[in-house]
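A short worksheet on the structure shown next.
The values are calculated or read from the model by the stated rules, or taken from the named source; none is laboratory data. From a predicted model like this one, the values you see are computed outputs, not experimental measurements. Here the Cβ positions follow ideal geometry from the backbone for every residue, glycine too, while neighbour counts run over all protein chains shown. These accessible areas exclude ligands, DNA and RNA; they are computed on the full protein's heavy atoms, side chains included. Shrake-Rupley method; radii C 1.70, N 1.55, O 1.52, S 1.80 Å.
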Amino acid sequence: MSAIDQWVVGDAADTELIDGSTGVVALTASELDAARRTSRLAVSLTDALGSAVPRAARITVRVPEYRGMRLLDLLAWLVVDRLAEPDADVTWLLAKQQGPDSVRKRLAGQGWELAKTKAGRLVALRGRPPATGERPVPREFSVDLGARSGVTMAADYGVFSPDKVDDGTALLLAVALREPPVPTVADIGIGYGALSVGLVLGGVAGAAVGTDVDAIALWLADHNARVNGVDLTVALAADPGAVPPTGLTVCNVPTHIPAADTQVFMRGLAERARHGRLLIVVHASLEARYTRHLAGLGHVDRVAGEHHVVLGTRP
Ligand SMILES: C[S@@+](CC[C@H](N)C(=O)[O-])C[C@H]1O[C@@H](n2cnc3c(N)ncnc32)[C@H](O)[C@@H]1O
(Lines give C-alpha, C1' and ligand atoms only; values in the text may rest on other atoms or scores of the structure.)
Protein backbone atom coordinates (compact mmCIF):
# COMPACT_ATOMS: atom_id res chain seq x y z
CA MET A 1 0.00 0.00 0.00
CA SER A 2 1.22 3.52 -0.77
CA ALA A 3 2.85 5.60 1.98
CA ILE A 4 0.85 8.54 3.30
CA ASP A 5 1.62 11.63 5.37
CA GLN A 6 -1.58 11.63 7.37
CA TRP A 7 -4.75 9.72 8.11
CA VAL A 8 -8.14 11.34 8.39
CA VAL A 9 -10.74 9.23 10.16
CA GLY A 10 -14.40 10.02 9.48
CA ASP A 11 -16.10 12.93 7.79
CA ALA A 12 -13.42 15.29 6.57
CA ALA A 13 -15.68 17.27 4.25
CA ASP A 14 -15.65 20.34 6.47
CA THR A 15 -12.00 20.16 7.58
CA GLU A 16 -10.22 20.94 4.28
CA LEU A 17 -7.61 18.41 5.29
CA ILE A 18 -7.49 16.02 2.42
CA ASP A 19 -4.77 16.19 -0.19
CA GLY A 20 -2.85 13.81 -2.43
CA SER A 21 -0.82 12.39 0.48
CA THR A 22 -3.76 11.71 2.78
CA GLY A 23 -5.31 8.38 3.68
CA VAL A 24 -8.95 8.30 4.74
CA VAL A 25 -10.65 5.79 7.02
CA ALA A 26 -14.31 6.09 6.01
CA LEU A 27 -17.08 5.50 8.52
CA THR A 28 -19.84 5.73 5.90
CA ALA A 29 -20.34 4.74 2.27
CA SER A 30 -20.54 8.38 1.16
CA GLU A 31 -17.26 9.19 2.95
CA LEU A 32 -15.66 6.25 1.15
CA ASP A 33 -16.98 7.41 -2.24
CA ALA A 34 -15.72 10.97 -1.63
CA ALA A 35 -12.34 9.76 -0.35
CA ARG A 36 -11.79 7.58 -3.42
CA ARG A 37 -11.96 10.77 -5.51
CA THR A 38 -9.76 12.99 -3.34
CA SER A 39 -7.29 11.01 -1.23
CA ARG A 40 -4.31 8.77 -1.95
CA LEU A 41 -5.70 5.85 0.04
CA ALA A 42 -9.34 5.24 0.99
CA VAL A 43 -10.31 2.36 3.27
CA SER A 44 -13.39 1.52 5.29
CA LEU A 45 -13.24 1.25 9.08
CA THR A 46 -13.83 -2.50 8.69
CA ASP A 47 -10.76 -2.82 6.46
CA ALA A 48 -8.61 -0.56 8.65
CA LEU A 49 -9.45 -2.64 11.73
CA GLY A 50 -9.14 -5.95 9.94
CA SER A 51 -5.94 -5.66 7.91
CA ALA A 52 -2.55 -3.95 7.96
CA VAL A 53 -2.49 -0.35 6.70
CA PRO A 54 0.52 2.00 6.60
CA ARG A 55 1.09 4.14 9.68
CA ALA A 56 1.34 7.94 9.50
CA ALA A 57 2.85 10.73 11.57
CA ARG A 58 -0.32 12.81 11.62
CA ILE A 59 -3.85 11.64 12.36
CA THR A 60 -7.08 13.61 12.48
CA VAL A 61 -10.22 11.98 13.83
CA ARG A 62 -13.51 13.71 13.13
CA VAL A 63 -15.60 12.17 15.92
CA PRO A 64 -19.00 11.21 14.45
CA GLU A 65 -22.13 12.50 16.18
CA TYR A 66 -24.87 10.41 17.80
CA ARG A 67 -22.74 7.27 18.20
CA GLY A 68 -22.10 7.49 21.95
CA MET A 69 -18.95 7.86 24.01
CA ARG A 70 -18.05 4.19 23.77
CA LEU A 71 -17.16 4.64 20.10
CA LEU A 72 -14.21 6.75 21.27
CA ASP A 73 -12.63 3.61 22.73
CA LEU A 74 -12.84 1.87 19.36
CA LEU A 75 -11.45 4.88 17.49
CA ALA A 76 -8.66 5.36 20.06
CA TRP A 77 -7.68 1.73 19.64
CA LEU A 78 -7.76 2.10 15.84
CA VAL A 79 -5.39 5.08 16.07
CA VAL A 80 -2.92 3.48 18.50
CA ASP A 81 -2.98 -0.06 17.19
CA ARG A 82 -3.24 0.56 13.44
CA LEU A 83 -2.78 4.11 12.18
CA ALA A 84 -0.28 6.10 14.25
CA GLU A 85 3.51 6.05 14.12
CA PRO A 86 5.07 6.24 17.59
CA ASP A 87 4.81 9.85 18.79
CA ALA A 88 2.36 10.82 16.04
CA ASP A 89 0.55 14.14 16.20
CA VAL A 90 -3.13 13.29 16.74
CA THR A 91 -6.06 15.70 16.60
CA TRP A 92 -9.59 14.80 17.66
CA LEU A 93 -12.13 17.18 16.11
CA LEU A 94 -15.62 17.55 17.49
CA ALA A 95 -18.47 20.01 17.86
CA LYS A 96 -19.16 21.74 21.20
CA GLN A 97 -22.39 19.76 21.59
CA GLN A 98 -20.35 16.55 21.55
CA GLY A 99 -18.91 17.41 24.96
CA PRO A 100 -15.16 17.99 24.31
CA ASP A 101 -14.38 18.02 28.04
CA SER A 102 -16.00 14.62 28.59
CA VAL A 103 -14.21 13.26 25.53
CA ARG A 104 -10.89 14.60 26.79
CA LYS A 105 -11.51 13.03 30.20
CA ARG A 106 -12.42 9.67 28.72
CA LEU A 107 -9.30 9.64 26.52
CA ALA A 108 -7.13 10.82 29.44
CA GLY A 109 -8.28 7.68 31.25
CA GLN A 110 -6.63 5.72 28.45
CA GLY A 111 -3.31 7.60 28.66
CA TRP A 112 -3.93 10.41 26.17
CA GLU A 113 -2.64 13.91 27.08
CA LEU A 114 -4.61 16.33 24.94
CA ALA A 115 -4.59 20.13 24.69
CA LYS A 116 -7.88 21.80 23.85
CA THR A 117 -8.07 24.57 21.21
CA LYS A 118 -10.61 26.04 18.80
CA ALA A 119 -10.60 24.83 15.19
CA GLY A 120 -13.05 27.04 13.28
CA ARG A 121 -16.51 26.05 14.46
CA LEU A 122 -15.13 22.83 15.92
CA VAL A 123 -13.06 22.04 19.02
CA ALA A 124 -9.68 20.33 18.62
CA LEU A 125 -8.10 18.04 21.21
CA ARG A 126 -4.47 17.57 20.21
CA GLY A 127 -1.60 15.48 21.54
CA ARG A 128 0.42 12.26 21.31
CA PRO A 129 -1.12 8.82 21.56
CA PRO A 130 -0.27 6.45 24.42
CA ALA A 131 2.18 3.65 23.55
CA THR A 132 -0.47 0.96 23.74
CA GLY A 133 -4.24 0.79 23.52
CA GLU A 134 -6.77 -1.72 24.70
CA ARG A 135 -9.04 -3.44 22.18
CA PRO A 136 -12.56 -2.53 23.32
CA VAL A 137 -15.19 -5.21 23.77
CA PRO A 138 -18.53 -4.12 22.23
CA ARG A 139 -21.74 -4.61 24.22
CA GLU A 140 -23.41 -7.89 23.36
CA PHE A 141 -26.60 -9.80 24.05
CA SER A 142 -27.76 -13.37 23.63
CA VAL A 143 -30.67 -14.16 21.33
CA ASP A 144 -32.59 -17.03 19.80
CA LEU A 145 -32.17 -16.77 16.02
CA GLY A 146 -34.78 -19.10 14.58
CA ALA A 147 -33.35 -22.60 14.81
CA ARG A 148 -30.45 -21.54 17.08
CA SER A 149 -30.85 -20.45 20.68
CA GLY A 150 -28.37 -18.48 22.75
CA VAL A 151 -26.52 -16.85 19.85
CA THR A 152 -24.22 -14.05 21.02
CA MET A 153 -24.49 -10.84 19.01
CA ALA A 154 -22.39 -7.70 19.54
CA ALA A 155 -24.46 -4.55 18.99
CA ASP A 156 -23.11 -1.18 20.08
CA TYR A 157 -22.08 2.33 19.03
CA GLY A 158 -25.55 3.52 18.03
CA VAL A 159 -26.40 0.78 15.50
CA PHE A 160 -30.01 -0.17 14.76
CA SER A 161 -31.78 -2.17 17.53
CA PRO A 162 -28.85 -2.56 19.93
CA ASP A 163 -30.55 -4.35 22.85
CA LYS A 164 -32.62 -7.00 21.09
CA VAL A 165 -33.33 -8.23 17.58
CA ASP A 166 -35.95 -5.91 16.08
CA ASP A 167 -39.48 -7.38 15.68
CA GLY A 168 -39.41 -6.80 11.91
CA THR A 169 -36.06 -8.57 11.65
CA ALA A 170 -37.41 -11.51 13.69
CA LEU A 171 -40.45 -11.81 11.39
CA LEU A 172 -38.30 -11.66 8.25
CA LEU A 173 -35.93 -14.26 9.70
CA ALA A 174 -38.82 -16.62 10.52
CA VAL A 175 -40.19 -16.30 6.97
CA ALA A 176 -36.78 -16.66 5.29
CA LEU A 177 -35.93 -19.75 7.37
CA ARG A 178 -38.75 -21.54 5.49
CA GLU A 179 -37.01 -20.96 2.12
CA PRO A 180 -35.13 -23.75 0.30
CA PRO A 181 -31.35 -23.61 0.83
CA VAL A 182 -29.19 -21.39 -1.38
CA PRO A 183 -25.40 -21.19 -1.61
CA THR A 184 -25.35 -17.51 -0.61
CA VAL A 185 -27.85 -15.09 0.88
CA ALA A 186 -27.51 -11.32 0.40
CA ASP A 187 -28.41 -9.21 3.43
CA ILE A 188 -28.92 -5.63 2.24
CA GLY A 189 -28.62 -3.06 5.05
CA ILE A 190 -27.13 -5.80 7.20
CA GLY A 191 -26.71 -3.81 10.44
CA TYR A 192 -24.90 -6.01 12.99
CA GLY A 193 -25.82 -9.10 10.99
CA ALA A 194 -28.73 -10.81 12.78
CA LEU A 195 -30.34 -11.99 9.51
CA SER A 196 -27.13 -13.28 7.93
CA VAL A 197 -26.03 -15.11 11.05
CA GLY A 198 -29.51 -16.55 11.62
CA LEU A 199 -29.91 -17.74 8.02
CA VAL A 200 -26.49 -19.38 7.79
CA LEU A 201 -26.79 -21.02 11.23
CA GLY A 202 -30.32 -22.10 10.26
CA GLY A 203 -28.99 -23.87 7.14
CA VAL A 204 -30.85 -21.74 4.58
CA ALA A 205 -27.57 -20.37 3.19
CA GLY A 206 -24.01 -21.67 3.10
CA ALA A 207 -22.58 -18.14 3.24
CA ALA A 208 -23.73 -14.53 3.35
CA VAL A 209 -22.83 -11.26 1.67
CA GLY A 210 -24.00 -7.96 3.09
CA THR A 211 -24.05 -4.24 2.45
CA ASP A 212 -24.52 -1.27 4.71
CA VAL A 213 -23.76 2.45 4.52
CA ASP A 214 -22.46 2.33 8.10
CA ALA A 215 -18.94 0.93 8.53
CA ILE A 216 -19.38 0.54 12.28
CA ALA A 217 -22.38 -1.74 11.71
CA LEU A 218 -20.34 -3.69 9.17
CA TRP A 219 -17.48 -4.13 11.63
CA LEU A 220 -19.96 -5.55 14.16
CA ALA A 221 -21.53 -7.82 11.51
CA ASP A 222 -18.09 -9.08 10.55
CA HIS A 223 -17.28 -9.71 14.24
CA ASN A 224 -20.61 -11.48 14.86
CA ALA A 225 -20.16 -13.68 11.81
CA ARG A 226 -16.65 -14.65 12.88
CA VAL A 227 -17.52 -15.56 16.48
CA ASN A 228 -20.49 -17.62 15.23
CA GLY A 229 -18.54 -19.40 12.49
CA VAL A 230 -20.50 -17.78 9.66
CA ASP A 231 -18.86 -17.08 6.28
CA LEU A 232 -19.72 -13.40 5.60
CA THR A 233 -18.33 -10.85 3.14
CA VAL A 234 -19.38 -7.23 3.58
CA ALA A 235 -19.35 -4.13 1.36
CA LEU A 236 -19.57 -0.52 2.53
CA ALA A 237 -21.93 0.71 -0.18
CA ALA A 238 -25.33 2.34 -0.68
CA ASP A 239 -25.97 0.30 -3.82
CA PRO A 240 -27.67 -3.08 -3.26
CA GLY A 241 -25.87 -4.22 -6.43
CA ALA A 242 -22.48 -3.88 -4.69
CA VAL A 243 -22.66 -7.59 -3.81
CA PRO A 244 -23.13 -10.27 -6.50
CA PRO A 245 -26.55 -11.66 -7.51
CA THR A 246 -27.80 -14.37 -5.10
CA GLY A 247 -30.62 -16.91 -5.01
CA LEU A 248 -32.05 -15.15 -1.93
CA THR A 249 -31.89 -11.50 -0.88
CA VAL A 250 -33.28 -10.29 2.46
CA CYS A 251 -33.67 -6.72 3.67
CA ASN A 252 -35.13 -5.02 6.72
CA VAL A 253 -35.67 -1.83 4.74
CA PRO A 254 -34.16 1.42 6.03
CA THR A 255 -37.33 3.51 5.87
CA HIS A 256 -35.97 6.68 7.55
CA ILE A 257 -33.82 7.77 4.63
CA PRO A 258 -34.50 10.60 2.14
CA ALA A 259 -37.13 9.83 -0.52
CA ALA A 260 -34.60 10.14 -3.34
CA ASP A 261 -32.31 7.59 -1.63
CA THR A 262 -35.30 5.25 -1.16
CA GLN A 263 -36.00 5.39 -4.90
CA VAL A 264 -32.44 4.37 -5.75
CA PHE A 265 -32.29 1.77 -2.97
CA MET A 266 -35.57 0.10 -3.97
CA ARG A 267 -34.56 0.14 -7.64
CA GLY A 268 -31.39 -1.69 -6.59
CA LEU A 269 -33.40 -4.27 -4.64
CA ALA A 270 -35.76 -4.73 -7.61
CA GLU A 271 -32.75 -5.36 -9.82
CA ARG A 272 -31.52 -8.07 -7.40
CA ALA A 273 -35.02 -9.59 -7.47
CA ARG A 274 -34.56 -10.41 -11.17
CA HIS A 275 -31.95 -13.01 -10.17
CA GLY A 276 -33.47 -14.62 -7.08
CA ARG A 277 -36.08 -14.58 -4.35
CA LEU A 278 -36.43 -11.19 -2.61
CA LEU A 279 -37.87 -10.88 0.90
CA ILE A 280 -38.17 -7.46 2.54
CA VAL A 281 -39.78 -6.35 5.77
CA VAL A 282 -41.36 -2.97 6.54
CA HIS A 283 -43.67 -1.62 9.21
CA ALA A 284 -47.26 -2.60 8.35
CA SER A 285 -48.24 1.06 7.92
CA LEU A 286 -45.78 1.32 5.00
CA GLU A 287 -46.89 -1.78 3.11
CA ALA A 288 -48.65 -0.02 0.21
CA ARG A 289 -45.77 2.41 -0.33
CA TYR A 290 -43.13 -0.34 -0.55
CA THR A 291 -45.33 -2.73 -2.54
CA ARG A 292 -45.46 0.03 -5.17
CA HIS A 293 -41.66 -0.07 -5.42
CA LEU A 294 -41.91 -3.76 -6.30
CA ALA A 295 -44.46 -3.19 -9.12
CA GLY A 296 -43.08 -4.64 -12.31
CA LEU A 297 -41.72 -7.74 -10.56
CA GLY A 298 -44.98 -9.66 -10.84
CA HIS A 299 -46.91 -11.09 -7.91
CA VAL A 300 -45.91 -9.82 -4.45
CA ASP A 301 -46.60 -12.35 -1.68
CA ARG A 302 -46.99 -11.19 1.92
CA VAL A 303 -46.78 -12.50 5.47
CA ALA A 304 -48.20 -10.17 8.10
CA GLY A 305 -46.93 -10.08 11.69
CA GLU A 306 -48.27 -8.03 14.57
CA HIS A 307 -46.68 -4.73 13.46
CA HIS A 308 -44.67 -5.62 10.34
CA VAL A 309 -45.19 -7.26 6.99
CA VAL A 310 -42.81 -9.31 4.89
CA LEU A 311 -43.17 -8.76 1.13
CA GLY A 312 -41.72 -11.30 -1.30
CA THR A 313 -41.11 -11.65 -5.01
CA ARG A 314 -39.79 -14.43 -7.23
CA PRO A 315 -37.86 -14.02 -10.48
C1 LIG B 1 -33.77 -1.22 9.63
S2 LIG B 1 -32.03 -1.37 9.76
C3 LIG B 1 -31.84 -3.14 9.62
C4 LIG B 1 -30.52 -3.65 10.12
C5 LIG B 1 -30.38 -5.18 10.16
N6 LIG B 1 -30.60 -5.78 8.86
C7 LIG B 1 -31.36 -5.78 11.16
O8 LIG B 1 -32.36 -6.33 10.70
O9 LIG B 1 -31.09 -5.65 12.37
C10 LIG B 1 -31.53 -0.77 8.19
C11 LIG B 1 -30.02 -0.74 7.93
O12 LIG B 1 -29.83 -0.25 6.61
C13 LIG B 1 -28.70 0.58 6.60
N14 LIG B 1 -28.81 1.44 5.39
C15 LIG B 1 -29.38 2.65 5.21
N16 LIG B 1 -29.30 3.01 3.92
C17 LIG B 1 -28.67 2.00 3.26
C18 LIG B 1 -28.28 1.77 1.90
N19 LIG B 1 -28.51 2.64 0.93
N20 LIG B 1 -27.63 0.61 1.62
C21 LIG B 1 -27.38 -0.31 2.58
N22 LIG B 1 -27.73 -0.13 3.87
C23 LIG B 1 -28.36 0.99 4.21
C24 LIG B 1 -28.70 1.27 7.94
O25 LIG B 1 -27.40 1.73 8.27
C26 LIG B 1 -29.19 0.13 8.84
O27 LIG B 1 -28.10 -0.61 9.34
Return the residues of the stretch 268-302 that are open to solvent by less than 50 Å² (accessible area, probe 1.4 Å), touching a residue at least 40 places away in the same chain (Cβ under 8 Å) and not in a helix (DSSP H, G or I); say none if nothing qualifies.
GLY276, ARG277, LEU279, ILE280, VAL281, VAL282
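Condition check ((1) under 30 Å from LEU248 (Cα atoms); (2) open to solvent by 50 Å² or more (accessible area, probe 1.4 Å)) across all residues:
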| site | (1), (2) |
| --- | --- |
| TRP92 | no, no |
| ARG104 | no, yes |
| PHE141 | yes, no |
| ARG178 | yes, yes |
Only residues that are over 20 Å from ILE18 (Cα atoms) and either open to solvent by less than 10 Å² (accessible area, probe 1.4 Å) or part of a helix (DSSP H, G or I) (or both): list them for the stretch 35-52, please.
THR46, LEU49, GLY50
Let me spell it out: the conditions are (1) surrounded by fewer than 24 Cβ atoms within 10 Å (Cβ to Cβ); (2) more than 10 Å from the ligand (Cβ to nearest atom); (3) among the small types (Gly, Ala, Ser); (4) outside any helix (DSSP H, G or I), and ALA235 meets all of them except one. Which number is the exception?
(2)
Members of the stretch 128-145 found to be under 14 Å from GLY202 (Cα atoms) and in contact (Cβ under 8 Å) with a residue 12 or more places away in the chain, listed by number
VAL143, LEU145
If you take the residues of the stretch 256-267 that are near the ligand (Cβ under 8 Å from one of its atoms) and either in contact (Cβ under 8 Å) with a residue 12 or more places away in the chain or of a type in the set (S, T, N, Q) (or both), which of them is farthest from ASP166 (Cα to Cα)?
VAL264
Positions within the stretch 171-191 being part of a helix (DSSP H, G or I) and more than 9 Å from the ligand (Cβ to nearest atom), in sequence order
LEU171, ALA174, VAL175, ALA176
Please name all residue pairs, on different chains or six or more residues apart, with Cβ atoms under 6 Å, provided the first residue is in the stretch 146-172 and is closer than 22 Å to ALA215 by Cβ and the second residue is among the hydroxyl-bearing types (Ser, Thr, Tyr) and open to solvent by 30 Å² or more (accessible area, probe 1.4 Å).
THR152/SER142; GLY158/TYR66
In this structure, is VAL80 away from the ligand (no atom under 16 Å from the Cβ), out of contact with any Ser or Thr (no Cβ under 9 Å at 6 or more places or on another chain) and assigned to a helix (DSSP H, G or I)?
no
Selection over the stretch 238-255 where residues are within 8 Å of the ligand (Cβ to nearest atom) and open to solvent by 60 Å² or more (accessible area, probe 1.4 Å) yields a count of 2
Assuming ALA194 fulfils every condition listed in (1) more than 10 Å from the ligand (Cβ to nearest atom); (2) closer than 30 Å to GLY268 by Cα; (3) buried (at least 21 other Cβ atoms within 10 Å of the Cβ) apart from one, which condition is it?
(1)
Counting only residues in the stretch 139-167 that are assigned to a loop (DSSP other than H, G, I, E, B) and of a type in the set (Phe, Trp, Tyr), the one farthest from the ligand (Cβ to nearest atom) is identified as TYR157
Filter the stretch 232-268 down to the residues that are among the small types (Gly, Ala, Ser) and touching a Gly at 6+ places or on another chain (Cβ under 7 Å) and list them by number.
GLY241, GLY247, GLY268
